[in-house]
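Structure first, then comments.
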Amino acid sequence: MSIDDSAAPRIARRRPYLSWLALVVVLVLIVGAIRSVANNPYIDWSVTRQYLFNDQVLTGVWMTVRLAVISMLLGIVLGILVGLARLSRNRPLAQVAASFILLIRGVPVLVQLLIWGNIGLFVQTVKIGVPFTPIEFWSSPANDLIVPFVAATIGLALHEAAYMAEIIRSGVLSVDRGQSEAAAALGMRPGRIMRRIVLPQALRVMIPPTGNQFVTLVKGTSLVSVIAGGDLLTQTQNIAATSYRIIEMLAVATFWYLVLVGLAGALQVVLERWAGKGHTR
Amino acid sequence: MNQQDPIIEARDIHKSFGQVTVLTGVDLEVWPGEVVCLMGASGSGKTTLLRMMNHLETPDRGTIRVGGDLMGYRLHKGRLHELSPSRVADQRRQIGMVFQHFNLFGHKTVLENVIEAPVGVLGLRRSAAIERAQDLLAKVGMHERADAYPAQLSGGQKQRVAIARALAMEPKVMLFDEPTSALDPELVGGVLAVMRELAASGMTMVVVTHEVGFARGVADRIVLMSDGVIVESGPPDEVLDRPRHERTRRFLSAMR
């Protein structure tokens, strides 16, 4: 056997016949599913189209956006506090933070929302004053204060805070100890080291899971329909209840949730690019 | 404080990490303008001693004074009271430190790394800090990379920026923790050249190093540590060429 030294043997790539076959099967299944839904005689798509930009639906979309954004912002602020408390060298403080996280993560958010929504059943008045004394500066009947929107926001924000606290903790721990040592050696004080050196670098690690949290939260707002939160799902369900167009209205909700989640995803990409400054792989 | 006082004064330093004893009664003085090289096998306690000089490590017993300040403590009625983290931070302003792994701030450019503390800690105007930074970056040969991020630099370049960053605080003394140990061999020379120049300018320096050539050429004094104590201390030719102790001889032969 002789080998021709003048030309290197050509490479014959493997042909992935099985992958092509699998692709064809999947495509056939997808097209079939779309056809069966699109041409389904029990779904009147004109109703879906008619309600897509209905005022009541848009009010619901707006409420869902507000709930998600406000809960997220409150959750981030509270989450930073709880996350840093959890990392604190002050043992009791770290313990309190850990217990908060355990409690909030241990109870389904649906149950928490129901508790906040029904808080008037066991709390008559909300007061601000000196504990264990009759002194009070301000008080309000719980039912007037904790309206469904407030109950929904508290429930979602607390839930968000517990998860954000863990994201922030893991982000801070991901920053090399040498970074804070170098900052300390330059005479920077602890608060400044955290703000200027550690948190900005933790951000890069924190953004992807935070984006996921936000997407989960946008969809999670649908749970507030159990306390008549006025969100997208509440509104479409209300319309469905009177028009009996259940599937058509669920399709309206599906459309808007996909739009909102798509926007959140785009925002995440922008943020990741911004926070990845100075980082090359 | 007058010229006769040491700028660093370590007294009876003891330290152990759990079961491992690292320092057992170390006394050391460093005088203004002096370049002291701390040498010794790994595990001899030299890095721990250096890190104590700006209170990144706390002694179990003993005291360290830098520029007259009792590092990390306040002496009151015969007891040492721990200072708050902010007071310790204030004490560290007068001490520059360069780390084995550079520890440049990854999210900031070279220039931003150098001006961060002068602006944030000393309260320098940004423009003044930039001017100072540009001077220092020129001195370490990094002025052309002022807008680069650390990830875009070689190890040697990072270390030279780290030196500029420490100098921007105008410290009274500079601490170097194995500044060339993490570098590729061909990059060591550039960093040592910058340190040589700094020594020639009169800066007080304490350098933990394995570079015998650098120590011989630049150090006023070599302090050799072994098993948590100082075994030998003196001018380079004395310690390197006429070591009095067996442990010194063993260490030096291992270095070659």
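Applying 0.36 nm per residue to the separation of A:Leu58 and A:Leu21 and subtracting their alpha-carbon distance, the gain on full extension is 8.9 nm. The value given for region A:161-245 is a Kirkwood hydrodynamic radius of 15.8 Å, derived from the mean inverse Cα-Cα separation. Ignoring everything except DSSP H segments at least 4 long, calculate the 222 nm mean residue ellipticity for the protein assembly as shown; use -39,500 (n - 2.57) per segment, divide by total residues, nearest 500. The per-residue figure over the protein assembly as shown is -17000 deg cm²/dmol.
For the protein assembly as shown, the average shadow cast by the Cα convex hull is 44.0 nm², which is a quarter of the hull's surface. With a length cut of 20 Å (Cα positions projected on each helix's long axis) and a Kyte-Doolittle mean of at least -0.5, go through chain A and give me the DSSP H helices that pass. Correct list, ordered by number: A:17-38, A:55-87, A:91-106, A:148-174, A:199-220, A:246-275.
The fraction of Cα-Cα pairs per 5 angstrom bin, counted from 0 for region A:65-228, comes to 2, 9, 14, 16, 16, 15, 11, 8, 6, 3, 1, 0 percent, rounded to whole percents. Legend: mean number of C-beta atoms from other chains within 10 angstrom of residue C-beta atoms, peptide B:106-112, equals 5.
Cut-off 10 angstrom, C-alpha nodes, Gaussian network model of chain A. Which of A:Thr125, A:Thr48, A:Thr234 fluctuates the most? Of the options given, A:Thr125 has the highest mean-square fluctuation. GNM on chain A, C-alpha springs below 10 Å: top fluctuator among A:Val259, A:Val65, A:Val77? Result: A:Val259 has the largest fluctuation of those listed.
Within the listed set B:Arg125, B:Arg11, B:Arg51, the Gaussian network model of chain B (springs between alpha-carbon atoms below 10 Å) gives the highest mean-square fluctuation for B:Arg125.
If you average the alpha carbon positions of region A:162-235 and of region B:1-38, how far apart do those two centres end up, in angstrom? Cα centroid to Cα centroid, the span is 42 Å.
Every number in this text was worked out from the coordinates using simple rules, so none of it is lab data. The structure presented is a predicted model; accordingly, all values stated were derived computationally and were not measured. In this analysis, Cβ positions are derived from the backbone assuming ideal geometry, glycine residues included, and neighbour counts consider all displayed protein chains.
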